[in-house]
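**Q** Could you have a look at this structure, given as structure tokens, before my questions?
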Amino acid sequence: MKKPAAGMAPLPPSPTKSKAGTGSGSPRLLHSVSGEWSVVVRRNVKSSLLLLLVLSTFFVVSVLRSSRSFAPPPPAAASEAQALTPQGETVPGDDGRGDDQEQISDAAGNNVAAERERSSSADISLPSTNSSTEAAAAAAPSHAGSVDMEEKCDMSMGKWVREPKGAVYTHMCATLAEYKNCQKHGKDPGHLYWRWQPDGCDLPRFSPERFLAAVRGKRLAFIGDSLARNQMDSLLCLLSQAETPMEVYADGHDKFRTWRFPEHDFTLMVMWTEFFVHAEPVVGAEGEPTPSFDIHLDRLSANWTRRLPELDYAVISGGNWFFRPNYLWEGGRRVGCVKCSEANLSDVGVPYAVRREARAAVEGIARCRGCRSGLVAFLRTYSPDHFEHGSWFNGGYCNRTRPLEEAELRPDSAAWELRRVQLEEVRRARKTAAAASGGGRRFELLDVTKAMMMRADGHPGAHIDPRWQRAISDCLHWCMPGPVDMWNELLLRRITEISPPAAAR
């Protein structure tokens with residue numbers, strides 16, 4: 001007799017046949033056999049269903065585990081992603097890819113030629129023309145070289161609105177030189193009662209106490225031409241509302257100055273340079289300097305690089321000195337010019353020259369060997385002039401009494417193009433910083449171009465000290481108090497985002 005299959009009930013013995021051989025049993029016997037078979041069938045069906053359920057459950061679990069093993073890894077946690085994304089200023093149109101797809105074709109290649117600017121305290125080398133900045137950046141950690149400049153609010157886009165409170169300080173600021181005092185020389189104070197209102201959010205009013213708390217123990221320098229000095233003068237007046245600064249150095253030409261705020265152990269400097277790269281005045285036939293410069297794109301100016309290692313914050317700005325005949329040099333020879341009419345030289349245009357100069361500056365900062373690892377460099381975008389019907393010495397003026405409306409801005413203004421060039425170079429700088437220093441140094445923007453394009457009413461114009469200059473109009477620099485204070489409101493906002501004051505942490 002065969003044994004029953006595993007998991008099934010044993011079958012009962014076969015019923016005996018009738019002696020008559022008819023094959024038919026008694027009704028009682030048939031009923032008994034039928035009942036026993038029903039019980040067996042029910043038991044077998046239940047056992048089979050139970051076994052099938054167990055096997056199905058096991059199969060489903062196996063399939064789910066297999067699918068998870070082939071699925072892509074989950075994204076990083078939100079907090080982790082935020083920690084790896086630099087908080088940069090917003091760049092309109094930036095989709096996170098940077099400008100890798102934009103091929104910049106120029107006579108000297110995409111990178112500044114290798115040469116060092118040597119000084120007593122710094123040795124900043126620029127990348128070789130044979131090296132690839134993009135390749136180095138691609139090999140760097142993605143979080144350190146991110147070009148995602150998005151933030152909660154785009155401070156660069158907005159409008160000027162009425163501000164009944166006026167400015168934080170008055171034209172009687174003790175650190176403001178007399179010849180820079182617009183109101184003392186007849187400027188109407190109407191330009192004081194406006195504030196910049198970004199689209200969709202607010203730019204807080206400047207707080208001297210908050211700024212000084214954020215920069216305690218730090219050193220900050222404005223690096224550039226007279227507009228950089230304009231911003232320093234504004235910040236001095238703003239901060240003097242909370243602490244009286246002490247001047248510890250002045251060169252006599254208002255080009256290199258150092259101030260101290262001893263209660264906060266904060267040092268504020270300005271370093272003059274017409275260009276970030278090395279430049280020499282072109283000497284005329286009579287041996288006298290002309291308004292033109294020989295600009296060496298492959299050498300940084302020692303005017304500012306020699307003190308760069310001392311800094312925690314560097315605010316660089318420029319571009320205005322390119323609007324004159326200038327000659328570009330690289331590798332010891334002239335490679336082009338700007339606003340010139342030389343038969344054997346190509347006029348490469350102001351935007352190209354500004355791009356190359358900005359690139360040299362930010363790459364030099366990124367590669368600075370002796371600089372602090374946490375150095376933060378801000379590039380303040382181009383600030384335009386507002387001369388009408390002439391220029392400095394030939395009757396130009398700027399006598400508007402209120403900010404321009406957006407519809408009054410010229411879409412073909414050179415300011416837009418120079419701003420675009422500078423924004424693109426900050427993107428590149430972030431990649432270079434990632435490749436050169438592991439992302440410790442930061443590059444930020446003070447995007448003021450549109451805001452300042454609208455402030456045709458904020459210049460001194462003819463309201464300047466006649467003992468300083470006669471028969472001229474200044475439609476380039478800014479009155480203080482005035483629109484230039486907005487630059488430092490932006491600076492305060494970015495610094496406190498990067499390094500909040502201790503009390504606010």
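**Q** Looking only at the stretch 353-369, count how many residues are farther than 14 Å from E444 by Cα and touching a strand residue (DSSP E or B) at 6+ places or on another chain (Cβ under 8 Å).
**A** 8
**Q** From the list R442, R493, exactly one residue is within 20 Å of W196 (Cβ to Cβ) and at pLDDT 90 or above. Which is it?
**A** Only one candidate qualifies: R493.
Residue-wise test of (1) at pLDDT 95 or above; (2) surrounded by 19 or more Cβ atoms within 10 Å (Cβ to Cβ); (3) in a loop (DSSP other than H, G, I, E, B); (4) out of contact with any helix residue (DSSP H, G or I) (no Cβ under 9 Å at 6 or more places or on another chain).
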residue	(1), (2), (3), (4)
R427	no, yes, no, yes
A435	no, yes, no, no
D457	yes, yes, yes, no
R470	no, no, yes, yes
P481	yes, yes, yes, no
N488	yes, yes, no, no
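**Q** Suppose the filter is out of contact with any strand residue (DSSP E or B) (no Cβ under 8 Å at 6 or more places or on another chain) and surrounded by fewer than 24 Cβ atoms within 10 Å (Cβ to Cβ); does R372 pass it?
**A** yes
**Q** Let me ask something else. Do we find that C340 is crowded, with 19+ Cβ neighbours inside 10 Å, modelled with pLDDT under 95 and part of a loop (DSSP other than H, G, I, E, B) in this structure?
**A** So C340 fails the test.
**Q** Now for a separate question. From the list T273, T267, pick out the single residue that is farther than 18 Å from H477 by Cβ and β-branched (V, I, T).
**A** Testing whether each residue is farther than 18 Å from H477 by Cβ and β-branched (V, I, T) leaves just T267.
**Q** Quick one: would you say R402 is modelled with pLDDT of 95 or more and over 27 Å from R494 (Cα atoms)?
**A** yes
**Q** Give L212, L192 a once-over and let me know the one that is over 28 Å from the mean Cα position of the chain (by Cα) and at pLDDT 95 or above.
**A** None of the other options fit; the residue is L192.
**Q** A follow-up question, please. Take the conditions modelled with pLDDT of 95 or more and aliphatic (A, V, I, L, M) and apply them to A366. Does it pass?
**A** Answer is no for this residue.
**Q** Taking A285 as meeting all but one of (1) under 30 Å from W321 (Cα atoms); (2) over 29 Å from the mean Cα position of the chain (by Cα); (3) at pLDDT 95 or above; (4) among the hydrophobic types (A, V, I, L, M, F, W, C), write down the number of the exception.
**A** (3)
**Q** Moving on. Given the conditions (1) under 17 Å from L227 (Cα atoms); (2) modelled with pLDDT under 95; (3) in a loop (DSSP other than H, G, I, E, B), report the number of the one that N303 does not fulfil.
**A** The single condition N303 does not satisfy is (3).
**Q** Among the residues of the stretch 284-309, how many are closer than 15 Å to I365 by Cα and of a type in the set (V, I, T)?
**A** So the answer is 1.
This table checks each residue for (1) at positive phi; (2) buried (at least 24 other Cβ atoms within 10 Å of the Cβ); (3) out of contact with any Lys or Arg (no Cβ under 6 Å at 6 or more places or on another chain).
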| position | (1), (2), (3) |
| --- | --- |
| L379 | no, yes, yes |
| S383 | no, yes, yes |
| E388 | no, no, yes |
| G395 | yes, no, yes |
| P403 | no, no, no |
| E406 | no, no, yes |
| D412 | no, no, yes |
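**Q** So is V277 on the phi < 0 side of the Ramachandran plot, within 30 Å of the chain's Cα centre (by Cα) and among the aliphatic types (A, V, I, L, M) or not?
**A** yes
**Q** Scan the stretch 185-228 for residues that are among the charged types (D, E, K, R) and either free of Cβ contacts under 8 Å to residues at least 24 places away in the same chain or over 21 Å from D465 (Cβ atoms) (or both) and jot them down.
**A** Selection gives R195, D199, D202, R205, E209, R210, R216, K218, R219.
**Q** Which condition number in (1) within 22 Å of K159 (Cα to Cα); (2) modelled with pLDDT of 95 or more is the one that V376 fails?
**A** Failed condition: (1).
**Q** From A242, A285, which residue is exposed (fewer than 12 other Cβ atoms within 10 Å of the Cβ), outside any strand (DSSP E or B) and aliphatic (A, V, I, L, M)?
**A** A285
**Q** Something else about it: Kindly provide the set of residues from the stretch 322-337 that are surrounded by 19 or more Cβ atoms within 10 Å (Cβ to Cβ), more than 15 Å from E280 (Cβ to Cβ) and free of Cβ contacts under 8 Å to residues at least 60 places away in the same chain, ordered by number.
**A** F322
**Q** Okay, next question. Which one of L239, L268, L227, L235 is within 18 Å of W321 (Cα to Cα) and either touching a strand residue (DSSP E or B) at 6+ places or on another chain (Cβ under 7 Å) or modelled with pLDDT of 95 or more (or both)?
**A** L227
**Q** Quick one: would you say S207 is closer than 30 Å to A462 by Cα, at pLDDT 95 or above and of a type in the set (S, T, N, Q)?
**A** No: the conditions fail for S207.
The values are calculated or read from the model by the stated rules, or taken from the named source; none is laboratory data. No experiment lies behind these values; they were computed from the predicted model shown. Heads up, the Cβs are rebuilt from the backbone with ideal geometry, glycines too, and the neighbour counts pull from every protein chain shown.
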